[in-house]
Every structure is written in C-alpha cells, then in structure tokens.
Amino acid sequence: MRYAVLVTGPAGAGKTTFTASFLTHLAASRRTAHLVNLDPAASATSFEYEPVIDIKDLVSLEDVMGELDYGPNGGLVYCFEYLLQNMDWLEEELGGFEDDYLIFDCPGQIELYTHHPFLPTLVQNLTRMGIRTSAVYLIESQFMEDKYKFFSGVLSAMSAMVNLEIPWINIMSKMDLVTSNPEDPSGGARNGFRGKRNIARYLDPDPLLLVSARGQEENTANPRFHALNQAIVQLIEDHPLVSFLPLDLTSSDSLETVISHIDYTMQYGEDEEPKEPRDLDEGDFGDME
C-alpha cells in the first residue's frame, strides 16, 4: 500500500519546513518516505530534501509566465490544468514506488484548495492508482494575533476540507513563537504571551471570539459588520468541522503527535502483512548459541 499526504495551506505557513521535518522523522523511524513537489514556482534551493518527483520537470511557472505572458496566479492555474491533462506523466513517475510514504508539498495559493477542482481531481487519480491519500492544512500561530484573520483561516480550512473530501488534519504551525509562560526568561516569544485557556479557544475555534456586543463592534458606521460576524458564528457552530493540532518543530513530541494523527487518519500499516523476522544467526544474535 502506498500513502500520500498533501501538505497544504496559505503561503508562509511553514509547509516546506514541516515537510522537511516530516521526512527527517520518518527516516529516523526507518520508514521509506519521499518528497513530491507540486509547486511549479518553488526554487530548488528551498528544499532540504531533493524531490523524487518535481512538477517543474513537466511545467514551470517561470516558463508559463515568460512564454504566455501570464501573471503569477493565472500561470499557476495553467500549470495545474496542464498537469491534469498529463496525468499519465505523474502516474508513470509514481509507478516505481511501492509501500512508500509520499509527501506532496503544495503551493500556497489557497484558491487551489477552496475554489478550483484541480486537487480534488488529483486526489481521485491518486485513489485510482491505489494510493491512500490524506491532507494537512497549516496556518501559522500569528493568525491568533488578529481574530478576524484567524477566522478567515478557519473558513478557508473548512472550505478546503469540503472541497477535497479526504481524511484531513488542520495544524497550527510555529507554536514555538507563542509562549504560555509569563515568566519566560526569553522575554516572551515573538507572537506574545497567551494563557493555555486562551490558546485552547483557537485550537478548538470558539466562535464567541468573534462576537461583540451590538454597538461595540469595531466598525460602528456599518451595522452589517455585526450581522456578518453573527452569520459566521452561526456557520461555525452549525458545522464544527475545524480544530487544530499545535505544531512546535522545536519539540520532537509535538511533531510525533502530529505524525501519529496523520497515520491514524490514513490507517497507516493496517493492510500490511507482518514481515518475517531476521534469522537469529544474523547480526546481534549471532553469538547467542
């Protein structure tokens, strides 16, 4: 059984850094894993591990923008349309991997996950190839600094979950930039001090964070602002799909927790046959006669 994890989320959320840490952890656990680059704009120097499959070998954003005079967003859409028209190329590239863990590093344009059919179509093709697929969606801890920005991230995560319809985990990345210790000798992390109870309201989004009493909303000149907040609150309460796992890449336990959740969502290893143990005459057991 082959497994694929789509690493998605907005630009700057730490997808590539998480992917590298993910691969390092799997290698340390003696699990075979490979990087697949699906970002046609990615620089080769941005990867700690060299991709075994790179969409830029098929089409690159730089070439599309230069030859077709497209802008970055239009060029990216063209690249994914071209990929879907040439799925036989991807299927051939994936054909040499069996019983492997494939980590797909995806672009940071969230409209690819929330509005366009590209990734759902890609997932359908991966499923047809017999690859068990899941996705993670990262937003960074800085989103907690602005409750409106945070809830825009919650809604984008919800939209992507509904669009892709696969096992899914949302991750709050860069939690090392947030501290819950007011006596932190470092003077507090970059994203400031937050009590554990306050952090919990963001990891399991509390829509009441968005509620302000009528007449106390920030834009009092527009009463519809309050009504919009109330509508968003009602949507989140009616469809509580989104919660986040905290990710602190300076903590091996934090990374291990996230990876174990990913394994669980894909039922990793449940279809595997038990491997035969090595002969006792080999290795460290050779002198036990």
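The values are calculated or read from the model by the stated rules, or taken from the named source; none is laboratory data. Everything numeric in this text was worked out from a predicted model, so none of it was measured. All Cβ positions, even for glycine, are placed from backbone atoms using ideal geometry, and neighbour counts span all protein chains on display. To get the accessible areas, we keep the full protein, side chains included, count just its heavy atoms, and leave off ligands, DNA and RNA. Shrake-Rupley method; radii C 1.70, N 1.55, O 1.52, S 1.80 Å.
What to note about this one:
- Whichever residue in the range 126-168 is aromatic (Phe, Trp, Tyr) and open to solvent by 10 Å² or more (accessible area, probe 1.4 Å) and, among such residues, is nearest to the chain's Cα centre (by Cα): Trp168
- Qualifying residues in the range 98-116 (those that are over 19 Å from Ile131 (Cα atoms), part of a loop (DSSP other than H, G, I, E, B) and not β-branched (Val, Ile, Thr)) - the one most open to solvent (accessible area, probe 1.4 Å): His115
- Scanning the range 13-45 for residues that are in a strand (DSSP E or B) and open to solvent by less than 10 Å² (accessible area, probe 1.4 Å) returns Leu35, Val36, Asn37.
- If the condition is being hydrophobic (A, V, I, L, M, F, W, C) and free of Cβ contacts under 8 Å to residues at least 24 places away in the same chain, then the range 28-85 contributes Ala28, Ala44, Leu61, Met65, Leu68.
- Test: residue in the range 188-208 that is exposed (fewer than 11 other Cβ atoms within 10 Å of the Cβ), in a loop (DSSP other than H, G, I, E, B) and modelled with pLDDT under 85: no
- A residue that is assigned to a loop (DSSP other than H, G, I, E, B), crowded, with 18+ Cβ neighbours inside 10 Å, modelled with pLDDT of 90 or more and on the phi > 0 side of the Ramachandran plot can be found somewhere in the range 169-180.
- Pairs are defined by a Cβ separation below 7 Å, a sequence spacing of at least 6 or placement on different chains, a first member in the range 231-243 that is of a type outside the set (Asp, Glu) and surrounded by 13 or more Cβ atoms within 10 Å (Cβ to Cβ), and a second member that is at pLDDT below 85 and not in a helix (DSSP H, G or I); the pairs so defined are Val233/Val211.
- Residues that are closer than 13 Å to Val59 by Cβ and part of a loop (DSSP other than H, G, I, E, B), drawn from the range 78-97: Asn86
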